[in-house]
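Visitor: For reference, the structure I am asking about is given below.
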Amino acid sequence: VEVVVTATPLPTEDIITLNWNFSTEPPTMDPSLAEDTTSNDCVESLFLGLTAFDSDGNVVGELAEDWTTNGAGDVYTFNLRQDAVWVKYNPGTSAVEELGPVTAHDVEYGIKRTLNPETASGYAYVLYIIKGGEALNTADTGALSAEEVQELLDGVGVRAVDDYTLEITLEHPAGYFPGIAGMWVARPMPQAAIEERGDRWIEPGFIVTNGPYMLAEWAHDDHVTLIKNPLYYAADTV
């Protein structure tokens, strides 16, 4: 009997869809403004933190490859990976636009934005451990001059030494700070998109992200669709 063997088809990437029931509308996808588990679930998928927790509860690097402290333990220096990029997804064309690298300047901006009282972040107090953080967040900026507000911003102990080196000075030594550094309120944020779109910067087509997923659709009070970011540095694991 002659047996005809059918050639094995070439493997293709199957799209795996996970239907996830939030049971509520995400209040926001803005890292500075998130205060609930639903918003944070989305933020975690869309934005990288300096650090993260592994399955055993240990703090590991995410955007930061590693970090060191000074002798006193109150200054942390984070060395950032250089293959994380900002992306913008176009829901109309399905095009993914690369907007440039994620840098230490983006983290500095994000932390200071959270601490700025004009942002009205409900979780800004988490960052009071950073030098000058509480002074800025509790200031009545409406009663201050632009120069005085800038002085408070400059007084926050977060400094981009260069594009991939971030220095954070604390109010006091804290060995647990790397865990705080990965929280949503300390994520890098896209300054240009925020300043251009204001409160609407988190909407599909406007939002600029850097995590393993991108926001493809947000039908308010109905559903959210996140899709894999092909430019994510570890896309093969997503």
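The values are calculated or read from the model by the stated rules, or taken from the named source; none is laboratory data. Everything quoted here is computed from the prediction, not taken from an experiment. FYI the Cβ positions are ideal-geometry reconstructions off the backbone, even for glycines, and counts take in every protein chain you see. Ligands, DNA and RNA are stripped out before the accessible areas are found, and what is left, the full protein with its side chains, is counted by its heavy atoms. Shrake-Rupley method; radii C 1.70, N 1.55, O 1.52, S 1.80 Å.
Visitor: Treating only the Cβ of Lys, Arg, Asp and Glu as charged (+1, +1, -1, -1), what charge dipole size does the chain show about its Cα centre? Round to the nearest 20 debye.
Guide: Using only the charged Cβ atoms, the result is roughly 100 debye.
Visitor: Once phi is turned into θ = phi - 60°, what whole-Hz ³J(HN,Hα) does the Karplus curve with 6.51, -1.76 and 1.60 give for every residue of region 15-31, x standing for Gly and Pro?
Guide: 7, 9, 10, 10, 8, 10, 8, 6, 6, 7, 6, x, x, 6, 10, 8, x
Visitor: Applying the Karplus parametrisation 6.51 cos²θ - 1.76 cosθ + 1.60 with θ = phi - 60° to the phi angles of region 117-134, what ³J(HN,Hα) value in whole Hz is obtained for each residue in order, glycine and proline being reported as x?
Guide: Working through the residues one at a time gives x, 5, 6, 6, 7, x, 10, 4, 4, 4, 9, 5, 5, 7, 3, x, x, 5 Hz.
Visitor: Moving on to the next point. Take each of the peptides 63-73, 148-158, average the number of other beta-carbon atoms within 10 Å over its residues, and list them starting from the highest.
Guide: With the highest mean Cβ count within 10 Å placed first, the list reads 148-158, 63-73.
Visitor: Also, quick follow-up: Which net charge results when you count Lys and Arg as +1 and Asp and Glu as -1 among the other residues whose beta-carbon is under 14 Å from that of Ser121?
Guide: Net of charged neighbours comes to -3.
Visitor: Assigning unit charges at the beta carbon (Lys, Arg +1; Asp, Glu -1) and nothing else, what dipole magnitude in debye, to the nearest 20, does region 159-219 show about its Cα centre?
Guide: In total the dipole reaches around 140 debye.
Visitor: Further question: Show the residues, 5+ positions off or on another chain, whose built amide H is closer than 5 Å to the amide H of Leu80.
Guide: The answer is Glu65, Thr165, Leu166.
Visitor: Just from its helices, what would the mean residue ellipticity at 222 nm be for the chain, if runs of 4 or more DSSP H residues each count -39500 (n - 2.57) and the sum is divided by every residue, rounded to the nearest 500 deg cm²/dmol?
Guide: -5500 deg cm²/dmol
Visitor: Under 5 Å between amide hydrogens, which residues at least 5 positions from Val158 or on another chain qualify, with H placed 1.01 Å from N in the peptide plane?
Guide: Result for Val158 returns Thr169.
Visitor: Helix 37-46 against the longest principal axis of the chain: what's the angle in degrees, Cα atoms only, rounded to the nearest 10?
Guide: Compared with the principal axis, the helix lies near 70 degrees.
Visitor: Quick one: among Asp14, Asp41, Asp56, which has the greatest mean-square fluctuation in a GNM of the chain with alpha-carbon springs under 10 angstrom?
Guide: In the Gaussian network model the winner is Asp14.
Visitor: If you find the alpha carbon centre of region 185-216 and of region 126-147, how far apart are they in angstrom?
Guide: 24
Visitor: Relative to the longest principal axis of the chain, what angle (0 to 90°, nearest 10) does the C-alpha long axis of helix 104-115 take?
Guide: Result, in degrees: 60.
Visitor: Here's a follow-up. Go through region 54-59 residue by residue and turn each phi into a ³J(HN,Hα) via Karplus (6.51, -1.76, 1.60, θ = phi - 60°); whole Hz please, and just put x for glycine and proline.
Guide: The phi angles translate into 7, 5, 9, x, 8, 7 Hz.
Visitor: Picking from Glu217, Glu108, Glu167, which is most flexible by a Gaussian network model of the chain using Cα springs under 10 Å?
Guide: Glu217
Visitor: In addition: With springs connecting C-alpha atoms under 10 Å apart, model the chain as a Gaussian network and identify which of Leu80, Leu99, Leu50 has the largest mean-square fluctuation.
Guide: Top of the fluctuation ranking is Leu99.
Visitor: Could you compute the net charge surrounding Val156? Neighbours are other residues with a C-beta less than 12 Å from the C-beta of Val156; K and R count +1, D and E count -1.
Guide: Around Val156, the charge tally is -2.
Visitor: Could you do me a favour and compute the accessible area per residue for the chain, 1.4 Å probe, result in Å²?
Guide: Accessible surface, normalised per residue, equals 54 Å².
Visitor: Can you compute the charge dipole magnitude of region 84-133 about its Cα centre, using +1 on each Lys and Arg Cβ and -1 on each Asp and Glu Cβ, nothing else charged? Give it in debye, rounded to the nearest 20.
Guide: The calculation lands at about 180 debye.
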